[in-house]
Amino acid sequence: MTAAQTTAKDKFKKAIAYRQKTGVSLKEAFAHIYGKKVGAVKKKVVKKSAPKKKVAKKVVRKVVKKKAAPKKVAKKKLTPRDYDKRYQAKKPGKRISTGKNYPYIEGNVYYENRANRSDRGKLLGIGFTLDKYNRLKK
């Protein structure tokens, strides 16, 4: 080996030893051995983290809300008028009045022509009426 090769070999060994000692890159180690400055090279710092401890999980109890009892709605008392609205009134025309003995027809015969005595244009007395074009109207 030539003298230049032996000096290069010695400097290489010194650079490797310096690198192992300090943890710098090989380029920075050679710059230190040769006495040269190297541009701003950031060192990578490896942090050793401690093993994480396992934390016991807290048991969370679910809060169960009790359902409120359904409110009792008071039933409406039905009046005779409510029962009357369930039936369609008779059309204007021939009527027989009821006598004392209702099941036996003994009453007088008369004719009803008044519109207010019949449900003309209404459907079972539930609030709907028909207009003059037979359309439903509330």
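Each value in this text was obtained by applying a stated rule to the coordinates, not by laboratory testing. The shown structure was predicted, so the numbers you read here are calculated from the model rather than taken from an experiment. Here Cβ is always computed from backbone atoms with ideal geometry, including for glycine, and neighbour counts include all displayed protein chains.
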- Which residues' amide hydrogens lie under 5 Å from the amide hydrogen of Arg95, considering only partners 5 or more residues apart or on another chain, with H built in the peptide plane? Tyr110, Tyr111, Glu112
- Which order do peptides 76-82, 19-25 fall in by mean Cβ count within 10 Å, highest first? 19-25, 76-82
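Which peptide among 28-35, 10-17 comes first, and what is the full order, when sorted by highest mean count of other Cβ atoms within 10 Å?
Working: 28-35: 15.8, 10-17: 13.8.
The densest-packed peptide leads the list: 28-35, 10-17.
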- Query: Which value in nm describes the separation of the simple spin-label points at Lys75 and Lys13, placed 7 Å from the Cα toward the beta carbon?
  - Reply: 11.2 nm
- Message: List the residues, sorted by chain then number, that are 5 or more residues from Ala89 or on another chain and whose placed amide H is less than 5 Å from its amide H.
- Response: Asp119
- Message: Starting from the 7 Å offset along Cα-to-Cβ, what nm value, one decimal, do you get for the label separation of Lys36 and Val55?
- Response: 5.2 nm
